[in-house]
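Peer 1: What follows is a structure written as structure tokens; I'll ask about it next.
Laboratory data are not the source of any read-out in this text; all were calculated from the coordinates shown. The structure displayed is predicted, hence computed values, not measured ones. Cβ: placed from backbone, ideal geometry, glycine included. Neighbour counts: every protein chain shown.
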Amino acid sequence: MGLVGHLINGESRSDAARVQDIYNPSTGEVSRQVALASKSTVEEAVTAAEKAFPAWRNTPVLKRARVMFKFKELLEKNSDKICRMIGEEHGKISHDAKGELLRGIENVEYACGAPELLKGEHSRGVGPGIDSWSEFQPLGVVAGITPFNFPAMVPLWMYPMAIVCGNCFVLKPSERDPSSVLFIAELLEEAGLPKGVMNVVQGDKEAVDTLLTDKRVKAVSFVGSTPIAEYIYATANANGKRCQALGGAKNHAIVMPDADMDNAVNQLLGAAFGSSGERCMALSVAVAVGDEAADRLVSSMKEAMEPLKVGAYSESSNDFGPVITQAHKEKVVGFISSAEEQGAEVVVDGRNPQVEGYENGFFVGATLIDHVTSAMTSYQAEIFGPVLQVVRVDTMEEAMKLINDHEYGNGTCIFTRDGEAARFFSDHIEVGMVGINVPLPVPVAYHSFGGWKRSLFGDLHAYGPDAVRFYTKRKTITQRWPSAGVREGAQFAFPS
Ligand code: NAD
């Protein structure tokens, strides 16, 4: 059985003191194992990054950007292979894996603009003969810790920008689907990145804790669930590191009575059930304003869900694939049952889907639950499965209060034809990423991505302009070259 190992200082390594099984979620079978790095293996990776840093930092930014241009080409050339690897370990259908990879590549394209992004700020003549400028210098060794649900894209939010800014990187990907991440990192070497600038360590808490406490690691980017994000943020800060930790979500869509219902239903289908609902931007709650809108929404959704196909990643005609593990399937099914027990109505029940030929796969069918209330467990928790819950309210204000009161604030959307209502919504909703008739308002690579409330711990969002700031430290230089022969006396007043 194959073992997925690490990439340290440009070499493939397998520190296999401990291993963990990797599943093919479509078949339910163990496909290979992943090596779990020990503390000393992680320390070796940090050492490699530390050694590579001085030369990489001093490499002209245009040369660093050229590696990214080549990397982009290699990602495109190897796209089918990468998507197959994602499908096999994550369960994503190829059209969805391609979308993920494309969004990841957009971040590499943004990183190609580093010479422009790192030009700094310059002010001439801030005083007599005095010029001042700010430079953005790299931090040193930085680390990324990433979740299973976007094995290619989320790491690509981090290391292209970190590296092109002159840092060296240690990535700890999810141990559940690590193969595509490792393969992509190897492409960076092929693109001409010097050894040690990019390192990958597979692992679990032991690897993460080593990165969080090693004084040589200057910053940590994390994406994952909220309890772990909170832990990462607190521990990184306690160890003097810069940290951005993106957490979980519960994304609501308000469906107004004037919405184009056919459009809203189509958008909700993809946003709620795409990737089996295992997206941090998945729309998992539809808040229908007024019973008439709610009845129309539920009956149209029910009809539109009938032809949806859940199945193996390898069949491109499927709409979405399995969830990541058997344990996660049981958790999702448990949330559906709890909603039913607490008084909600399961309108379309995906608890027991039949997928011919894949009887042991971790499948949950598309599920629609009506009459959900904010008191229910299934409403409060992030389900992370193909489940859309409908909450009925009387007014838009009530819908917005529901969203604002929720602990998460990642994404949200409103379906309406009323521009004034949409503007009020985007002005006052306590959520970081807002869609107006756009169900998955994931910002493009040249903006930044991040939620509010308990969906993000830290100040700067991921990728885009915020990433330039996160992965660099500002240095401001003030310079004067006094004219020969002109000597000023000492001044004791504060310079102004
Ligand atoms: P997770 O929190 O279980 O794992 C994320 C990473 O943390 C993994 O690399 C894992 O190995 C590590 N980890 C897990 N437990 C740890 C522990 N006790 N100590 C130290 N490290 C630990 O998340 P997941 O299940 O892989 O991913 C799904 C979650 O990620 C969902 O909650 C989803 O909303 C969230 N997510 C958020 C965003 C966002 O941008 N906000 C994007 C994608 C996913």
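Peer 1: Once fully extended, how much extra length lies between Glu330 and Glu430, figured as 0.36 nm per residue of separation less the alpha-carbon to alpha-carbon distance? List each step's numbers first, then the result.
Peer 2: On the way: separation 100, 0.36 × 100 = 36.00 nm, distance 3.17 nm.
Net length gain for the segment: 32.8 nm.
Peer 1: Expected output is a single nm value to one decimal: the length gained when fully extending between Asp260 and Tyr446, i.e. 0.36 nm times separation in residues minus the C-alpha distance. What is it? Write down the numbers at each step before the final one.
Peer 2: On the way: separation 186, 0.36 × 186 = 66.96 nm, distance 3.01 nm.
Answer, rounded to one decimal: 64.0 nm.
Peer 1: Nearest 10 degrees, 0 to 90: what angle lies between the long axis of helix 261-273 and the longest principal axis of the chain (Cα atoms)?
Peer 2: 70 degrees
Peer 1: I'd like the distance between the alpha-carbon centres of segment 92-137 and segment 179-205, rounded to an integer number of Å.
Peer 2: 22 Å
Peer 1: A further question on this structure: Could you tell me which residue out of Leu7, Leu75, Ala52 lies farthest along the dipole of the chain toward its positive end? Charges go on the beta carbon: Lys and Arg +1, Asp and Glu -1, centred on the Cα centre.
Peer 2: Projecting each Cα onto the dipole axis, the largest value belongs to Ala52.
Peer 1: For the pair Glu292/Ala493, report the inter-label distance in nm, with labels modelled 7 Å from Cα in the Cβ direction.
Peer 2: Rounded to a tenth, the inter-label distance reads 7.3 nm.
Peer 1: Apply the a/c threshold of 1.5 to the C-alpha gyration tensor of the chain and tell me whether it is rounded, prolate or oblate.
Peer 2: oblate
Peer 1: Once you've got the Cα coordinates, tell me which of Lys70/Lys473; Lys92/Lys473; Lys39/Lys92; Lys205/Lys329; Lys63/Lys473 are over 30 Å apart. The partial results should precede the final answer.
Peer 2: Numbers: Lys70/Lys473 27 Å; Lys92/Lys473 38 Å; Lys39/Lys92 32 Å; Lys205/Lys329 23 Å; Lys63/Lys473 21 Å.
Going by Cα-Cα distance, Lys92/Lys473; Lys39/Lys92 fall outside the 30 Å limit.
Peer 1: Here's a follow-up. Calculate, in nm to one decimal, what Lys309 and Arg216 gain on full extension: separation in residues at 0.36 nm each, minus their alpha carbon distance.
Peer 2: Numbers: separation 93, 0.36 × 93 = 33.48 nm, distance 4.86 nm.
Using 0.36 nm per residue and subtracting the Cα-Cα distance, I get 28.6 nm.
Peer 1: Something else about it: Relative to the longest principal Cα axis of the chain, at what angle does helix 291-305 sit, 0 to 90 degrees, rounded to 10?
Peer 2: Value to nearest ten degrees: 90.
Peer 1: Distance from the Cα centre of segment 277-323 to that of segment 441-496, in angstrom?
Peer 2: Going from one Cα centre to the other spans 44 Å.
Peer 1: While we're on this one: FRET efficiency for Ile477 and Ser225, Cβ-Cβ distance as r, R0 = 60 Å, nearest 0.05? Intermediate results must be reported in sequence, preceding the final value.
Peer 2: Working: r = 42 Å, r/R0 = 0.70.
The pair Ile477/Ser225 has a calculated efficiency of 0.90.
Peer 1: Explain nothing, just the number: dipole magnitude of the chain about its Cα centre with +1 on each Lys and Arg Cβ and -1 on each Asp and Glu Cβ, in debye rounded to the nearest 20.
Peer 2: Magnitude of the dipole: close to 2840 debye.
Peer 1: I need to check one value: relative contact order of segment 251-436, counting alpha carbon pairs closer than 8 Å and at least 6 residues apart, in percent. All intermediate terms of the calculation are to be shown ahead of the outcome.
Peer 2: On the way: 361 pairs, mean separation 53.9, N = 186.
Relative contact order of segment 251-436: 29 percent.
Peer 1: Can you compute the helix-only [θ] at 222 nm over the chain? Use -39500 (n - 2.57) per DSSP H run of at least 4 residues, normalise by all residues, nearest 500 deg cm²/dmol. Can you show the working numbers first?
Peer 2: Numbers: 16 runs with 191 residues, N = 496.
Roughly -12000 deg cm²/dmol at 222 nm, from the helical runs in the chain.
Peer 1: Which whole-angstrom value gives the distance between the alpha carbon centres of segment 41-87 and segment 372-415?
Peer 2: 40 Å
Peer 1: Let me know the Rg and Dmax you get for segment 251-436 when you use only its Cα atoms, in Å.
Peer 2: Spelled out, the Cα radius of gyration and Dmax of segment 251-436 are 15.8, 51 Å.
Peer 1: Which one, Ser38, Thr377, Met281, is farthest towards the positive end of the dipole of the chain when Lys and Arg carry +1 and Asp and Glu -1 on their Cβ?
Peer 2: Checking the options against the dipole of the chain, the answer is Ser38.
Peer 1: Helix 79-90: angle to the longest alpha-carbon principal axis of the chain, degrees 0 to 90, nearest 10?
Peer 2: Once rounded, one gets 60 degrees.
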